[in-house]
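The block underneath contains the structure these notes are about, expressed in structure tokens.
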Amino acid sequence: MLKNYILVALRNLWRQRGYTLINIFGLTIGLASTIFILLYVINELTYDRFHEKSDQIHRVWISGSMPATEMRHAVTSPPMAEALLNDYPEVEQAVRIRQSGGWIVRKGDRIFQETDAEFLFADSTFFDVFSFELLKGDPRTCLSEPRSIVLTEEYARKYFGDEDPMGQYLKIEQDTNLSVITGVMADFPQNSHFHCKMLGSLSTLGNSRSTNWLNHNYHTYVVLREGTDLEAFELHMRDMLFKYVGPLLEQFLGVTVEQFEETGNSYGYKVQKLTDIHLHSDLQYELEPGGNPLYVYVFLVAAILMLAMAGVNFMNLATARSVKRAREVGLRKTLGVPRRWLMGQFLIESTLYALI
């Protein structure tokens with residue numbers, strides 16, 4: 001019976017070639033546009049969710065205000081990560097990332113100018129926190145020593161061609177000490193809120209060991225224990241303000257934290273979910289520009305409307321042909337064809353349109 005349905009449907013499609021072409025073209029435009037828009041929407045909504053600990057990873061940021069100045073900084077001070085690990089049992093792991101401008105890289109006689117978008121520095125815990133795939137090297141030690149560099153597959157080919165880059169050297173800027181390649185990682189997924197081609201060990205930078213709590217140039221990410229109450233954790237983080245920042249305020253401004261806040265100023269630390277950064281972050285000093293949730297909603301509505309229009313167009317054309325098909329239905333009923341068989345015939349035809 002199914003074979004008969006399909007044969008009759010194909011015969012009808014071929015007999016009404018003009019109608020079939022218009023119907024299929026309309027459905028094709030509607031469905032293809034909807035699918036492409038939904039792919040974009042899904043991509044935007046799944047940023048950073050490929051990390052194994054994506055629900056636990058948070059970024060620490062600074063919220064503060066002073067006369068004529070509001071601080072919403074995505075960067076924190078160098079000692080922040082260590083203090084969080086030492087003072088807060090909720091923090092399981094922490095990593096700092098530093099964007100440090102462009103770098104001149106030399107490989108033999110060849111010179112490459114790498115921008116800050118290509119070159120990042122990170123702590124040795126980078127691969128403990130994030131789930132970027134390391135193809136070669138030890139994730140626990142590849143960034144532990146100064147002048148260690150992990151390349152993406154793309155940049156491993158760029159600098160070393162088909163050679164194995166492990167253990168080979170690059171010269172960064174005018175440094176007399178060469179940097180060694182200690183790992184190769186897969187190219188970053190597109191739906192990551194930051195990307196790089198070269199990842200250097202943060203211990204290479206002397207400033208990474210600074211204890212200055214008022215110097216803000218490190219992106220600090222933490223892995224919080226499951227079930228951590230974020231509001232309570234942020235309230236608890238206020239202790240760092242008195243313990244570490246308070247003495248500096250007294251030293252440089254001659255006021256206590258309480259006096260600083262009594263004059264209308266504010267300063268403190270907050271955390272932001274990793275999965276919220278791309279679409280819902282309006283902070284300064286982001287590693288990369290984020291997306292706009294408004295675009296996601298607009299495109300989603302557009303996809304629904306296009307799909308609806310394609311469906312309405314299909315139904316209008318089917319209704320226009322209903323008079324002609326009524327004769328066929330009447331003849332089939334006269335011959336004793338059951339109602340469910342007639343329904344099956346029309347459903348098969350509609351399915352074929354959609355499949356084609």
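The values are calculated or read from the model by the stated rules, or taken from the named source; none is laboratory data. Just so you know, these numbers come straight off a predicted model, no measurement behind them. FYI the Cβ positions are ideal-geometry reconstructions off the backbone, even for glycines, and counts take in every protein chain you see. Just so you know, the surface numbers come from the protein's heavy atoms only, side chains and all, with ligands and any DNA or RNA stripped out. Shrake-Rupley method; radii C 1.70, N 1.55, O 1.52, S 1.80 Å.
Yes or no: Leu205 free of Cβ contacts under 8 Å to residues at least 40 places away in the same chain and among the hydrophobic types (A, V, I, L, M, F, W, C)? No; evaluated as a whole, the condition is false for this residue. Taken residue by residue, the stretch 220-227 has no member that is loosely packed, with under 14 Cβ neighbours inside 10 Å and in a helix (DSSP H, G or I). Residues that are in contact with a strand residue (DSSP E or B) (Cβ under 7 Å, 6 or more places away or on another chain) and surrounded by fewer than 20 Cβ atoms within 10 Å (Cβ to Cβ) within the stretch 56-73 comprise Gln56, Ser63, Gly64, Ser65, Met71, Arg72, His73, listed in sequence order. Taking the stretch 65-123 as the range and being over 21 Å from Asp239 (Cα atoms), aliphatic (A, V, I, L, M) and outside any strand (DSSP E or B) as the test, the residues that pass are Ala68, Ala117.
Only a single criterion out of (1) of a type outside the set (A, V, I, L, M, F, W, C); (2) part of a strand (DSSP E or B); (3) within 25 Å of the chain's Cα centre (by Cα) is not satisfied by Gln190, namely (2).
Of everything in the stretch 166-191 that is modelled with pLDDT of 95 or more and surrounded by 19 or more Cβ atoms within 10 Å (Cβ to Cβ), the residue that is farthest from Arg106 (Cα to Cα) is Met185.
Counting the residues of the stretch 228-240 that are part of a loop (DSSP other than H, G, I, E, B) and surrounded by 13 or more Cβ atoms within 10 Å (Cβ to Cβ) gives 2. One residue is enough: does the stretch 205-218 have a residue meeting the conditions within 22 Å of the chain's Cα centre (by Cα) and assigned to a loop (DSSP other than H, G, I, E, B)? Scanning the stretch 205-218, I find at least one residue that is within 22 Å of the chain's Cα centre (by Cα) and assigned to a loop (DSSP other than H, G, I, E, B), so the answer is yes. When the stretch 241-290 is filtered for residues that are in a loop (DSSP other than H, G, I, E, B), in contact (Cβ under 8 Å) with a residue 60 or more places away in the chain and not polar (S, T, N, Q), the ones remaining, listed by number, are Gly264, Asp282, Leu283, Tyr285, Glu286, Leu287, Glu288, Gly290. Within the stretch 246-279, the set of residues being among the hydrophobic types (A, V, I, L, M, F, W, C), modelled with pLDDT of 95 or more and either open to solvent by 20 Å² or more (accessible area, probe 1.4 Å) or touching a helix residue (DSSP H, G or I) at 6+ places or on another chain (Cβ under 7 Å) (or both) comprises Val271, Leu279. Does Asp282 qualify as being under 17 Å from the mean Cα position of the chain (by Cα), at pLDDT below 95, surrounded by fewer than 18 Cβ atoms within 10 Å (Cβ to Cβ) and not hydroxyl-bearing (Ser, Thr, Tyr)? In short, yes.
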